[in-house]
Amino acid sequence: MKLLLYLLLPLILLASCSSTEEQSAESAILAAMQKQEEAWNAGDVHTFMETYWHDDSLLFVGSAGPVYGWQNTLDRYLKSYPDTVTMGKLHFDILQVKPLSSDHYFVLGEWHLSRTIGDASGHFTLVFKQVDGEWLIIADHSS
């Protein structure tokens, strides 16, 4: 019995550490999404974009097709949402946060814009990657 306990203990500890790491990653990702909501609702697209990977390999896919790169994604947001009336108030409903690996996570959710010019909503899938200790969006498909 003691031998079995000694064999199982490392597996139990490993599972416990893995679960704690997943909870920590999920909390950080949800905090990043909350930061995005707050920035958007303050009319601050630049702070909203801080959650995206500042790299030419960033991928954003929207109704107009794929956009590559952080700057191009920022420019797309600024063109599509030139003022706070167009931006409205953003709310995310997170449906799923799923680890793909220790440093990549998949997020599925819904976005809702409450606006005086008419509400808008849709779904999104995000891929987050841990870059230099920070969870950043490396791919965003929003419809």
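Computed from the coordinates by the stated procedures, all read-outs in this text should not be read as laboratory data. Because the structure is a prediction, the values reported are computed rather than measured. So basically every Cβ, Gly included, is an ideal-geometry build from the backbone, and we count neighbours across all protein chains shown.
Numerical summary
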{"quantity": "Computed [θ] at 222 nm, helices only, for the chain once each DSSP H run of length n ≥ 4 contributes -39500 (n - 2.57)", "calculated": "-13500 deg cm²/dmol"}
{"quantity": "Rg to Rh, two decimals, where the chain supplies the alpha carbon set and Rh follows Kirkwood", "calculated": "1.12"}
{"quantity": "Under-22-angstrom lysine pairs by C-alpha in the chain, whenever the two are 8 or more apart or on separate chains", "calculated": "6"}
{"quantity": "Degrees separating the helix 2-41 axis from the principal Cα axis of the chain, which is the longest one", "calculated": "10 degrees"}
{"quantity": "Angle in degrees between helix 70-80 and the longest Cα principal axis of the chain, rounded to the nearest 10", "calculated": "40 degrees"}
{"quantity": "Residues VAL97, VAL61, sorted so that the one with the fewest Cβ neighbours within 10 Å comes first", "calculated": "VAL61, VAL97"}
{"quantity": "In sequence order, calculated HN-Hα J values of the stretch 106-115 (Karplus, 6.51, -1.76, 1.60; Hz; x Gly/Pro)", "calculated": "9, 10, 10, x, 10, 10, 9, 10, 9, 9"}
